[in-house]
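Report on the structure given below.
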Amino acid sequence: MKSTRRWFIASSITLALAVCLASVSLCYAGETHIITDTMGRKVELKKDIKKIIAIPWPWASFIFAVDGSADKIASMSATSLASYKNCMFEVLAPGLDKVNTGYIDDKNNTGGSFGTLNIEEMAKLSPDAVIIYKRDAKIMLPILEAAGVPTVVFDFGGLKEVQDGLVLLGEMLGEKQAKTAAAIISWHHEADKLLKERLDGLDDSKKPSVLMLRDGNLRLYLSGFSDNMMKQAGGRLATLSPEGKVVSEANINFEQMLRWDPDYILLGNFANHTPDQIYENIMANQDWSSLKAVKNKHVYKIPMGLYRWDPPSTEAHLLLLWEAKLFHPDLFKDIDLEQKTREFYKTIFNHELSREELNMIFHADLNAHSEPIK
Amino acid sequence: MRLEIEHGQYTYPGTRQPVLNDISFQLEDRSIVTILGKNGIGKTTLIKCLSGVLKWEKGRTLYHGKVCSSSKDMPGVAFVPQAHPLAYAYKVRDMVLMGRVRHMGLLSIPSRKDREITDETLEELGIADLAERTTSQLSGGQLQLVFVARALASGPDVLVMDEPESHLDFKNQHAILRLVRELVDKKGLSCIINTHYPDHALRISDKTLLLGKEKSMFGITPEVISEENIREYFDVEARIAQYRENGKEYAAFVVIDA
Amino acid sequence: MFAGKTLQGKTFWIALAGIVAAAVLSLFCGRYGLAPLNVVKAVLGLAERNMDANIVLSVRLPRIILTLLVGAGLAVSGAAFQDVFQNPLVSPDVLSVSSGAAFGAVLGIMLDTSESVLIVLALAMGCLSVFLTYMGAKIQRKVSVLSLVLSGIIMSALFNALISLMKYVADTETQLPAITYWLLGSFAATTYRHVLVVVVPILLGMAVLLTMGHKINILSLGDEEAQSLGIDPYWTRIGIIISATLVTAACITVTGIIGWMGLVIPHVARLLVGPNHSRLLPAAVLLGALFMTLMDLLARTLLPTEIPVGVLTALIGAPFFMFLFHRQAGM
């Protein structure tokens, strides 16, 4: 009969639909999980993240290290890309320079925060997660949330914040990645412990005064990570005022430099200033010859491995050891820095560092005229 | 008594001599008072004190018997300035509409009634066809009429006019004078007019205030405007000539070479 | 008379239609690259992907609403300022209201206050700056065009210097990013929250200004004539200045300083509808809303990055103003 046939067709279609819907929802069920970021926000993320955008400058390299590949990196800021081109990151992960960085304007900001963000351009990339720093959260979080982009807020400060970020990355990416993150953290702890053992109780008078320059215009760093690292490595901050405040992120004038007269001047990797520019009195058109650091040839370009070592990086423990060897050569004579670096690259990246690569990391050419590290 | 000034005195800040000293006059219902005096004698100052723009140093203005300290106390007094070029070229209608603002609340916009009264006023003065023109396109005479219309739109019972016939051609001078007399006779207004012309005062005003350097005189126009007073207040030798036509008496001043 | 009314009515409807068209056009455009059909689906709640709906309803829509509000607000308060000071060269920017309000807002960011307190601070500082500008321009009881503009430039410089000082002492982690971003003058991070915060002050201020159109006409005749017509020029001016400053301050609080709107739009409006403020102010509202929406559309679609919209308004506004200025001087 006609009506029975109609009923049969109707119910088959309904059944088929139900099965489809059920399987679809089954697919989605268990696909996401909730993680808590550094602001205490509960963020729902896909378990299987395929695309991450890391806006703070170091974190693209962190993702690569933890994940073992650059496949998940959908984009980064232009400043991150600039560092990628001149270091081991490009060697280990070629092809990343194609990423679209145009929608972030971070030219006028330091520390990895961005000026403006074209939210639609970013949304085009359909990221599964976006990492931003806490300091940008106030402005950018509302619009990111409005667009429905899952945002995870990381923090910036010292080694602890780096480690929190690593743990968070591990949570976000999966078990294998969490293990790698834990491995990196244990390397940091190891270095930390070693430094504490040997430097504990050391009198301040035995600590050399140290200063880090961000660029050739005598600009200092944002107070936080780099200062903490130098302190941990047994240095005394030249930029510390009698009241205990650290001069942060300012352009100092040369007189101040003369007054401070640090024992060690370290040059970071955000600009192209070199030790030779100081030795030859080119930098800032000043006469540096009277400074202790110049007389003793203690001006160094900070190494750059996967990422710049001066801000937070995966190789933070290597930075600590490098600085410790500089400031207290006798106490750390037995540490073979190159060996430790080779170990790190072998373990985390499964890469054998060649002589050239090691020279590139430690800026052998730029540091050629400075006192060699023992 | 519609409007009175009692013993008014005013000195400009920074000067020692009062420019207006013990001025008194009364404006009755349905009458015209003309104010005459040499240039710089204080005619404009008097108008300003009268309308509340400047405050009397001594003495006071009374409107319908009540003391006035600002123009808010004299809602029925409307001011007609001399025709002058305006900063912005408003349309005539918009200009006359401005006269209604006294009746509008703090945040209200012109109502239909305001617009109706504006149009009526334009009709009455015979300038309804100028309504859409801008003020920059008008002649001196037309502009003066627009100012009169603006003042009339607020429904006053006193009009204060500052030298309305100046800058007008011969014909329009008398047209304005005729208009003023008509407004008084037919609509029951009272008028105070600043003028340079004793002839005009003789023609239309009931009482006259003569302003001099340290004295003033107020009284019935034909008495105040005499040959002696013109000699004393204006330093001009003149004779009044009488003329009669069609049953009307006309008086005019003829200046004699001394 | 009737003909005049309908003509005015028609122009009004055309302008309104233009704004609606611009707003709708804006909704369909953006770097995210949604096909028009998908935009319609999103609006109807039938979006295929969550992101589509988010972009259309939570990113584009509040932003368009805000550009309409801010564009209208800046334009009408600019027109009000020009006429209170009887001078077509002034604007909230020239008279230092913008930098004063900006300083108030920066102060609020430094003190980490809530958004409403931010607006109050911006309003207070804005009013203070107008007051100081006016006082500074009074040379022997007379205020001339030149002295107003000069005084405004000086006060602007003063407040801008104070803002720079704030930037210098601001904490780089918690305060500076907010200040730096905000000083760019942009709609980039607009959400519904911003709209809610400013909609009341802007609409309130605009409403007051629109009803004052008639009185502004009278003010333009000169204080004495205005007084004789029965309005109090002093208090009327103050009322207008406060309303206009409220609108400007609210706009600045959410978007930072976007210049040239308060100077150029009123002029264009005056060219189109004449000086009668009962018509000039509404025209400024419509034109300002239209212009700002179009400018912001360009700002967010022209390049992959966000162009601060103040850059665009300046690029177009400055040469246009030069043209206007020559035209007027030549007349």
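For peptide A:132-138, compute the average count of partner chain beta-carbon atoms within 10 Å of each residue's beta-carbon.
4
How far is helix A:134-146 tilted, in degrees, relative to the longest principal axis of the Cα atoms in chain A, given as a value from 0 to 90 rounded to the nearest 10?
The two axes meet at around 20 degrees.
What number of lysine-lysine pairs in segment C:2-329 show an alpha-carbon separation below 25 angstrom, given a sequence spacing of 8 or more or placement on distinct chains?
Taking the Cα cut-off of 25 Å, the pair count is 4.
Using only alpha carbon pairs under 8 Å that are at least six residues apart, calculate the relative contact order of chain C and give it in whole percent.
29
Going by Cα centres, segment A:319-374 and segment A:83-98 are how many Å apart?
20
Using only Cα atoms, locate the centre of segment A:239-266 and the centre of segment C:253-331, then give the distance between them in Å, rounded to an integer.
48
In peptide B:132-138, how many Cβ atoms from other protein chains are near each Cβ within 10 Å, on average?
So the per-residue partner count for this stretch is 1.
Just going by the charge dipole of segment C:2-329, with Lys and Arg at +1 and Asp and Glu at -1 on Cβ, which of C:Ala289, C:Ala79, C:Val273 is farthest out on the positive end?
Of the listed residues, the answer is C:Val273.
Hey, if you put +1 on the Cβ of every Lys and Arg and -1 on every Asp and Glu Cβ in segment C:1-142, which of C:Val106, C:Met135, C:Leu27 ends up farthest toward the positive end of that dipole?
The residue sitting most towards the positive pole is C:Met135.
Determine the alpha carbon to alpha carbon distance for each of A:Lys292/A:Lys325; B:Lys48/B:Lys171; A:Lys207/A:Lys333 and list only those over 24 Å.
Where the Cα-Cα span goes over 24 Å, the pairs concerned are B:Lys48/B:Lys171.
I need the shape label for segment C:83-210. Rule: rounded when a/c is under 1.5, else prolate if a/b > b/c, else oblate, with a, b, c from the alpha carbon gyration tensor.
Oblate shape, in that a/c is at least 1.5 and b/c is the bigger or equal ratio.
From the residues A:Ser80, B:Leu125, C:Pro304, which one has its Cα farthest along the dipole of the protein assembly as shown in the positive direction, the dipole being from +1 and -1 charges on Cβ of Lys/Arg and Asp/Glu about the Cα centre?
It is B:Leu125, whose Cα lies furthest towards the positive end.
Rounded, prolate or oblate: which fits chain B when a ≥ b ≥ c are the square roots of the eigenvalues of the alpha-carbon gyration tensor, with rounded for a/c under 1.5 and prolate only if a/b beats b/c?
Oblate, since a/c reaches 1.5 and b/c is not below a/b.
Relative contact order for chain B: what percent, with Cα pairs under 8 Å and sequence separation of 6 or more?
Here the relative contact order equals 23 percent.
Using the crude model of +1 on Lys and Arg Cβ and -1 on Asp and Glu Cβ, and no other charge, please compute the dipole size for the protein assembly as shown relative to its Cα centre, in debye to 20.
1840
Of A:Lys42/A:Lys176; A:Lys193/A:Lys245; A:Lys42/A:Lys138; A:Lys72/A:Lys176; A:Lys346/A:Lys374; A:Lys297/A:Lys374, which ones are farther than 18 Å apart at the Cα?
Those over the limit are A:Lys42/A:Lys176; A:Lys193/A:Lys245; A:Lys346/A:Lys374.
Which value, in debye to the nearest 20, describes the size of the charge dipole of chain A about its Cα centre when Lys and Arg Cβ atoms bear +1, Asp and Glu Cβ atoms bear -1, and nothing else is charged?
1160
Name the shape class, rounded, prolate or oblate, that the alpha-carbon gyration tensor gives for segment C:2-329, where a ≥ b ≥ c are the square roots of its eigenvalues, rounded holds for a/c under 1.5, and otherwise prolate holds if a/b is larger than b/c and oblate otherwise.
Cα axes put segment C:2-329 in the oblate bin.
By DSSP, what percent of the beta bridges with both residues in chain A are antiparallel, rounded to the nearest 5?
That works out to approximately 35 percent antiparallel.
Please compute the average number of Cβ atoms from other chains found within 10 Å of each residue's Cβ in peptide C:212-225.
5
How would you rank A:Trp187, A:Trp260, going from fewest to most other Cβ atoms within 10 Å of each one's own Cβ?
A:Trp260, A:Trp187
Loop-only GluC sites (Glu not before Pro) in segment A:312-374, please: DSSP not H, G, I, E or B, and at most 15 other Cβ atoms within 10 Å.
Hits after loop and neighbour filter: A:Glu352.
Please state the relative contact order of segment C:165-288 as a whole percent: Cα pairs under 8 Å, 6+ residues apart?
34
Considering only DSSP beta bridges whose two residues both sit in the protein assembly as shown, what percent are antiparallel, to the nearest 5?
Around 50 percent antiparallel, to the nearest 5.
When the dipole is taken about the Cα centre of segment C:2-329, and only Lys, Arg (+1) and Asp, Glu (-1) are charged at their Cβ, what size is it in debye, to the nearest 20?
640
Calculate the length of the line joining the C-alpha centroid of segment A:184-203 to that of segment B:228-258, in whole Å.
When both Cα centres are located, 117 Å separates them.
All of the numbers you see were taken from the coordinates with simple rules; none came from a lab. Because the structure is a prediction, the values reported are computed rather than measured. No Cβ is skipped: glycine too gets one built from the backbone with ideal geometry, and neighbour counts run over all protein chains shown.
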